[in-house]
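Below is one structure, written out as structure tokens, with a few remarks after it.
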Amino acid sequence: MDFLIPNQLGYPILSTIIFLPLAGAVVLFFLRGEKAVRLWSLIVSLATFILSLPLYFYFDKTTHKYQFAEHLPWIPSFKIHYTVGVDGISLLLVLLSTLLIPICVLASWKYIDKRVKEFHFSLLLMETACVGVFSALDFVLFYIFFEAMLVPMYLLIAVWGGPDKVYASLKFFIYTMAGSVFLLVAMIALYLNAGTFSIPELMTHTYSFTFQCWVFLAMGFAFAIKVPMAPLHTWLPAAHVEAPTAGSVILASILLKLGTYGFVRFCLPITPQASVFFAPYVYAISLLSIIYGGYVALGQVDMKRLIAYSSVAHMGFVTLGTFVFNRNGLEGAMMQMINHGVTTGALFLCVGIIYERSHSRLISVNSGISKIMPIYIGFLGLFSLSSMAFPGTNSFVGELLVLLGTFAEHKWVGALVIPGVVLAAAYMLRLLQKIAWGGEGNPSFSDMNLREIIYLAPLVIFVLWIGFSPGPFLEVMHASVDHLIQQVQAGNAALLVK
């Protein structure tokens, strides 16, 4: 398997960070006392993040091959293997996942006071599934982790959610399960055609155009629900509004990335000609998501619902950049996956902070607090500027690359994106203006405490670091993105010759 680079570190680092949270989750059931449960979950999640850092520092940026690879037979009779590895496309998503879980533990320290042990079990189980899904190089293994994410996410909404949690959790589960069925059909079809579940090997096979189209539609439907792309987005606002803060952070920052990651990892390299054929339709749906999401966000009175609809718009930029098939577009899309995870996750954390004080997510109830909570407004202001892609913040880098890539290929598509950029500024400035200066403010509110500052501080660092120095993040992508573009071009050329 020349597409795998043996583990450079001499120990199974990926398996360690995949299964350490699961092992830690099992230990939770032997602990007594809520404080011990919280502290143990924080220790395990922090240890997982620290152990994941060598993935970046020892990553070889000059190759597109999958690094830190582990390959073991699992079900040989069906050619199913335990194969994991990361490349420039998945590395940052793995690191984002390990970073956010300890932040979610800290954010839930006071807010979650019922079934504390089960809540933290769900968080750690979610971390195992998140790291596993971005590391899996066998389609069956990927599918198992893909499905495993549904269970803890469903529980986070259904058990610890708001008044309409049953409706929101069922809608989330039904939508995502419907997509999973189509993904399963596509996986089986690919296996019957190519005789393997190995994702890198599936990329090397040439499939007929008709076969590619059907497989692309099946996988694309599953991934479009996850993104979510309009009009398959209706489960998202309900899930966000009802989920606890940690659930909203994980949902926005990690779970939505499964859709765009799926397009990049599966659709483009495995069905290249179908990807090119359906690209105009993806442009149309992406533009719809950008404009519709921004327009609806502009009219929201609930902070969480506003940020939820903004996610629909932001993820539209990701799908648009993915399907322009050039380096700027693809790297911009991948950067926006990370940027959206950092910024939108931070905004949901900010909503959680104010909700713990007012017990309301309504903008009108939480307005006019700039003098009462100046530290909070400072954090909210920075993350709002990032969300509207203000220069010097992380989102500006991603959106700029997407726009450069789009204008290079289709100027008219790039022109149609501009209203979405304006809408983003409008709804975020409206939110910030009303929260900071929209009223007298509630004098009973207290400003952010040390714990809240600690878990938001790392996200501030990444907003500014990526905004002013994106090079270290873009460099890890170059080789993998260039290889992906070559795969799309070669796949189209092979079918044209045939």
request  = Looking only at the stretch 435-462, count how many residues are more than 28 Å from Trp109 (Cβ to Cβ) and assigned to a loop (DSSP other than H, G, I, E, B).
outcome  = 3
task = Just give me the residues in the stretch 382-434 being β-branched (Val, Ile, Thr) and not in a helix (DSSP H, G or I), in sequence order.
result = Thr393
request  = Please work out if Phe317 is within 24 Å of Thr98 (Cα to Cα), touching a residue at least 60 places away in the same chain (Cβ under 8 Å), in a helix (DSSP H, G or I) and of a type outside the set (Asp, Glu).
outcome  = no
key: Hits in the stretch 241-273 - residues which are within 29 Å of Ile353 (Cα to Cα) and of a type in the set (Gly, Ala, Ser)   = Ala243, Ala246, Gly247, Ser248, Ala252, Ser253, Gly259
message = Looking at the stretch 348-362, I want the residues that are in contact (Cβ under 8 Å) with a residue 40 or more places away in the chain and of a type outside the set (D, E, K, R) and have a partner that is surrounded by 14 or more Cβ atoms within 10 Å (Cβ to Cβ) and assigned to a loop (DSSP other than H, G, I, E, B) with Cβ atoms under 6 Å, at least 6 apart or on another chain. Which pairs are those?
response = Ile354/Asn366; Tyr355/Arg361; Ser358/Val365; Ser358/Asn366
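Listed here are the residues, each with its yes/no results for (1) of a type in the set (Val, Ile, Thr); (2) part of a helix (DSSP H, G or I); (3) farther than 22 Å from Pro458 by Cα; (4) modelled with pLDDT of 90 or more.
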{"residue": "Met1", "(1), (2), (3), (4)": "no, no, yes, no"}
{"residue": "Ile5", "(1), (2), (3), (4)": "yes, no, yes, no"}
{"residue": "Gly10", "(1), (2), (3), (4)": "no, no, yes, no"}
{"residue": "Leu20", "(1), (2), (3), (4)": "no, yes, yes, yes"}
{"residue": "Lys35", "(1), (2), (3), (4)": "no, yes, yes, yes"}
{"residue": "His64", "(1), (2), (3), (4)": "no, no, yes, yes"}
{"residue": "Ala69", "(1), (2), (3), (4)": "no, no, yes, yes"}
{"residue": "Leu100", "(1), (2), (3), (4)": "no, yes, no, yes"}
{"residue": "Tyr111", "(1), (2), (3), (4)": "no, no, no, no"}
remark   = Scanning the stretch 245-301 residue by residue, the ones that are among the small types (Gly, Ala, Ser), closer than 23 Å to Leu403 by Cα and not in a helix (DSSP H, G or I) total 0
task = Could you list, in sequence order, all residues of the stretch 139-168 that are of a type in the set (Ser, Thr, Tyr) and within 19 Å of the chain's Cα centre (by Cα)?
result = Tyr143, Tyr154
message = Anything in the stretch 263-314 that is small (Gly, Ala, Ser), surrounded by fewer than 23 Cβ atoms within 10 Å (Cβ to Cβ) and more than 16 Å from Cys213 (Cα to Cα)? List them, or say none.
response = Ala284, Gly299
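When you look at Gly247, is it of a type in the set (Gly, Ala, Ser) and either more than 21 Å from the chain's Cα centre (by Cα) or surrounded by fewer than 22 Cβ atoms within 10 Å (Cβ to Cβ) (or both), yes or no?
Criteria not met by Gly247.
Every residue, every condition in (1) of a type in the set (D, E, K, R); (2) closer than 21 Å to Val413 by Cβ; (3) in contact with a helix residue (DSSP H, G or I) (Cβ under 6 Å, 6 or more places away or on another chain), yes or no:
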{"residue": "Val249", "(1), (2), (3)": "no, no, yes"}
{"residue": "Gly259", "(1), (2), (3)": "no, yes, yes"}
{"residue": "Gly262", "(1), (2), (3)": "no, no, yes"}
{"residue": "Arg265", "(1), (2), (3)": "yes, no, no"}
{"residue": "Ile270", "(1), (2), (3)": "no, no, yes"}
{"residue": "Ser275", "(1), (2), (3)": "no, yes, yes"}
{"residue": "Pro280", "(1), (2), (3)": "no, yes, no"}
{"residue": "Ile290", "(1), (2), (3)": "no, yes, yes"}
{"residue": "Gln300", "(1), (2), (3)": "no, no, yes"}
ask   = So, of the residues in the stretch 71-83 that are outside any strand (DSSP E or B) and touching a Phe, Trp or Tyr at 6+ places or on another chain (Cβ under 9 Å), which turns out to be surrounded by the most Cβ atoms within 10 Å (Cβ to Cβ)?
value = Lys79
key: Cβ-Cβ under 7 Å pairs, at least 6 apart or on other chains, the stretch 213-225 side over 12 Å from Leu184 (Cα atoms) and touching a residue at least 12 places away in the same chain (Cβ under 8 Å), far side in a helix (DSSP H, G or I) and polar (S, T, N, Q)   = Phe216/Ser275; Ile225/Thr176
Members of the stretch 431-463 found to be surrounded by 14 or more Cβ atoms within 10 Å (Cβ to Cβ), modelled with pLDDT of 90 or more and under 30 Å from Ile50 (Cβ atoms), listed by number = Glu452, Ile453, Tyr455, Leu456, Pro458, Leu459, Val460, Phe462, Val463
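The values are calculated or read from the model by the stated rules, or taken from the named source; none is laboratory data. Treat the numbers as computed from the prediction; the structure is a model and nothing was measured. Neighbour counts run over all protein chains shown; Cβ positions are idealised from the backbone, glycine included.
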